[in-house]
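Here is the structure we will look at, set down as structure tokens.
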Amino acid sequence: MNRPTLTDLTALMAVAQHRSFRKAADELGISRSSLSHAIAALERRLGVRLLHRTTRSVAPTEAGEHFLQRLAPVLQELDQAIDALTEEGGHPTGTLRINGGEEAMRVLLKRVVPAFLQRYPQVSLDLVSDGHLVDVVREGFDAGIRLAEAVPQDMIAVALSEDFRFLAVASPEYLASAGRPVTPEDLRAHRCIRQRLPSGKLYRWEFEQRGQEVVVDVPGAMTLNHTQLMIEAAVAGMGIAYVPDMAAQRWLADGRLVAVLEDWSPPVGGLRLYYPSHRHVSAALRAFIEVMREVR
């Protein structure tokens, strides 16, 4: 029997991690049809069906799952050997894949990425902006970035940003015509720019003062799913938006937006880069974390 090549095994692992031929093909830089043919050829060579395929999903068979469980540590050990070799040469290489929300990516691009790419030009960054909280291991990412409260407990977290606040903001013109809310309940009498979460649910605005928590399902004729658009709508006088203070900082500084209910908006844990505690940390990720800590 002809033994599978490393390329074949890497392709199988990518499909299993992503549960998708399309996503795996994108990661590997090949066409979906080429990847499908490669997996089919691997199954014929081994004489075992490794993946269940439907028009909507792909998942390992029982035999495929057993094979992947034994294959994963072998590929991981190979990655470690390669990392050790590159570390001896003093130059991390490869691709570093990081998943996070849009605002997290803005912080990375502003604070970390320029310094990192200048210092480590042999590392390619693959930054994926995604509003959903994905399983970074299953989706094939080296790390993720989320708010501190959203980081899974079995992950190692490193601070990317300082703590910040969610603020209710509006234009001076809107507040001059509609009045200024004094308590969260006052928002029920205002035009609010609501937010739809990636799950499809409407976000209910959360406030706290001296241990008292208030959650308001605000009214509003407009619903958006993009922080930047919510800010622009508030600047245009369309109502009150509820956004991270760091996202609205420029408009607050120049007076085009005004914060309200500030005494009801305590700080929350900032952005954290996180990665699995049980997985080998690549030289590229260690270098990225080092730069991230320096620029903070």
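Points to keep in mind about this one:
- Relative contact order, percent, the chain [alpha-carbon distance under 8 Å, six or more residues apart]: 22 percent
- Derived value for the stretch 164-268: Kirkwood hydrodynamic radius 13.5 Å. Basis is the mean of 1/r over every pair of different alpha-carbon atoms.
- Considering only the chain, percent of DSSP beta bridges that pair antiparallel, nearest 5: 65 percent
- Gain upon complete extension [ALA159, ASN225; 0.36 nm per residue less C-alpha separation]: 21.2 nm
- In a fully extended conformation the segment linking VAL215 and ARG70 would gain 47.4 nm over its present Cα-Cα distance, using 0.36 nm per residue.
- Accessible area per residue for the stretch 6-71 is 59 Å², calculated with a 1.4 Å probe on protein heavy atoms, without ligands, DNA or RNA.
- In this structure, the amide hydrogen of PHE164, modeled 1.01 Å from its nitrogen in the peptide plane, lies closer than 5 angstrom to those of VAL268, GLY270, counting only residues at least 5 positions away or on a different chain.
- Helix 6-18 and the long axis of the chain differ in direction by around 30°, with both axes built from C-alpha atoms.
- Ordering 26-35, 268-277 by mean Cβ neighbour count within 10 Å, with the highest value first, yields 268-277, 26-35.
- Largest first, the residues ARG44, ARG194, ARG111, ARG22 sort by 1.4 Å accessible area into ARG44, ARG22, ARG111, ARG194.
- The candidates GLU185, GLU173, arranged from most to least accessible area with a 1.4 Å probe in the full protein assembly, appear as GLU173, GLU185.
- Per-pair calculated FRET efficiency, R0 = 22 Å: SER129 and GLU149 via Cβ, rounded to 0.05: 0.65
- Alpha-carbon centroid distance for the pair the stretch 187-216 / the stretch 227-294, whole angstrom: 17 Å
- Most tightly packed first, judged by the mean number of other beta-carbon atoms within 10 Å of their residues, the peptides 253-260, 160-167 read 160-167, 253-260.
- When all protein chains stay in place and ligands, DNA and RNA are ignored, the 1.4 Å accessible-area order of TYR242, TYR120, largest first, is TYR120, TYR242.
- Interchain or long-range residues, amide H under 5 Å from GLY94's placed H: SER124
- Prolate/oblate/rounded call for the chain, Cα gyration tensor, a/c under 1.5 rounded: prolate
- Alpha-carbon gyration tensor eigenvalues x 5, square-rooted, for the stretch 6-71, Å: 16, 13, 11
- Accessible surface calculations at 1.4 Å, restricted to protein heavy atoms, place the stretch 164-268 at 51 Å² per residue.
- Carbon + sulfur, % of accessible area of the chain - ligands and nucleic acids excluded, 1.4 Å: 50 percent
- By average C-beta atoms within 10 angstrom, highest first, the peptides 63-73, 5-15, 47-57: 5-15, 63-73, 47-57
The values are calculated or read from the model by the stated rules, or taken from the named source; none is laboratory data. No experiment lies behind these values; they were computed from the predicted model shown. Cβ: placed from backbone, ideal geometry, glycine included. Neighbour counts: every protein chain shown. Ligands, DNA and RNA are stripped out before the accessible areas are found, and what is left, the full protein with its side chains, is counted by its heavy atoms. Shrake-Rupley method; radii C 1.70, N 1.55, O 1.52, S 1.80 Å.
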